[in-house]
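All of the numbers you see were taken from the coordinates with simple rules; none came from a lab. Note that the structure is predicted; figures quoted are calculated from it, not measured. Positions of Cβ are backbone-derived with ideal geometry, glycine not excepted, and every protein chain shown enters the neighbour counts.
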């Protein structure tokens with residue numbers, strides 16, 4: 001079984017209130033040296049076939065259509081070794 | 001005039017939207033997310049709520065509901081569509097309106113009566129208002145921060161497509177205090193505040209919201 005991972009992150013210019021909440025909590029807990037936090041999403045997709053170029057292109061299309069909103073988010077698709 | 005109100009699993013304000021249509025003098029038609037067509041309605045309201053539990057992103061799954069296929073096509077051909085709160089999120093996810101709604105900048109749910117200025121009174125849904133009229137309607141959202149890139153925001157402002165703007169203070173971090181916008185044609189309008197909750201003195205803070213629902217009837221009658 002091959003696993004494809006899609007990472008989705010808010011674009012840099014878009015405010016990330018969740019990341020800011022996590023940053024604040026880390027500071028209150030005393031974790032030092034952390035300058036900023038941004039929170040995204042990770043999708044793990046299991047394939048029942050070999051990850052051909054066509055299948056990866058299909059997953060990229062799914063990521064841009066549903067998994068991420070390209071207006072506010074960037075995404076990256078990779079095959080897990 | 002027949003105005004459809006679409007109910008998705010998790011919609012909350014479909015009942016109030018239907019009631020607002022009736023109080024304005026229209027005939028409301030209940031549409032279901034799984035419907036294959038729009039039953040020949042003259043306009044559509046996408047109501048507030050938490051369609052599909054807000055999973056993935058608000059409106060992201062509703063955008064692909066069966067009824068949305070014909071709705072997106074019809075909206076692009078000029079069918080009047082009003083998206084309120086979750087309905088606004090669905091319109092942005094559908095790319096019928098630019099930008100997106102994200103979590104409130106202060107990270108708390110906000111629920112209050114909100115002062116607004118109506119800045120565009122030439123849309124299908126706002127013709128009943130006076131230019132720059134100030135209104136008060138309820139606002140209730142956790143993910144109501146309107147965001148878009150600077151180029152999109154500049155274009156919206158320059159073309160008069162900001163329909164309503166927050167007054168007094170910004171309740172959710174929306175860029176440039178934007179509460180609602182329209183498409184270039186003026187038939188599709190989305191806003192976070194809830195005009196359908198301000199149509200009856202028994203339950204609303206004002207009757208200021210009724211204008212959205214009388215506007216569409218006037219627009220359709222003169223079409």
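Computed values, structure above
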quantity	calculated
Rounded, prolate or oblate (a/c below 1.5 giving rounded, otherwise prolate when a/b exceeds b/c) for segment B:116-223 by Cα gyration tensor	oblate
Spatial separation of Cα centroids for segment B:116-157 and segment B:176-223, in angstrom	10
Kirkwood Rh (inverse of mean 1/r, distinct Cα pairs), segment B:48-106, angstrom	11.7
Cα-based Rg / Dmax (Å) for the protein assembly as shown	20.3, 65
Average projection area in nm² (convex hull over Cα atoms of segment A:2-79, one quarter of hull surface)	6.3
Model label zone, residue B:223; criterion: amide N under 19 Å from point 7 Å along Cα-to-beta-carbon; scope segment B:35-64	B:37-47
Neighbouring partner chain Cβ atoms per residue of A:68-76, average, 10 Å criterion	4
Convex hull volume per residue in cubic angstrom - Cα atoms of segment B:103-173	98
Zero-based 5 Å bins, Cα pair distances in segment B:2-221, whole percents	1, 8, 17, 22, 23, 17, 9, 2, 0
Ordering of B:15-21, B:35-41 by packing [mean C-beta count within 10 Å, highest first]	B:15-21, B:35-41
Cα point-scatterer Debye curve for segment B:63-146, base-10 log of I(q)/I(0) at q = 0.17, 0.25 Å⁻¹	-0.87, -1.25
Distance in nm between pseudo-label sites at residue B:200 and residue A:13 (7 Å out along the Cβ direction from Cα)	4.4
Three-way shape call for segment B:144-203 based on the alpha-carbon gyration tensor, with the a/c threshold at 1.5	oblate
222 nm mean residue ellipticity, helices alone, for chain B (DSSP H n ≥ 4; -39,500 (n - 2.57); rounded to 500)	-6500 deg cm²/dmol
Part-to-part distance (alpha-carbon centres) for segment A:30-64 and segment B:59-77, which is given in Å	26
Partner chain coverage, peptide B:96-107 - average Cβ within 10 angstrom	3
Highest to lowest packing among A:18-27, B:102-111, scored as the average C-beta count within 10 Å	B:102-111, A:18-27
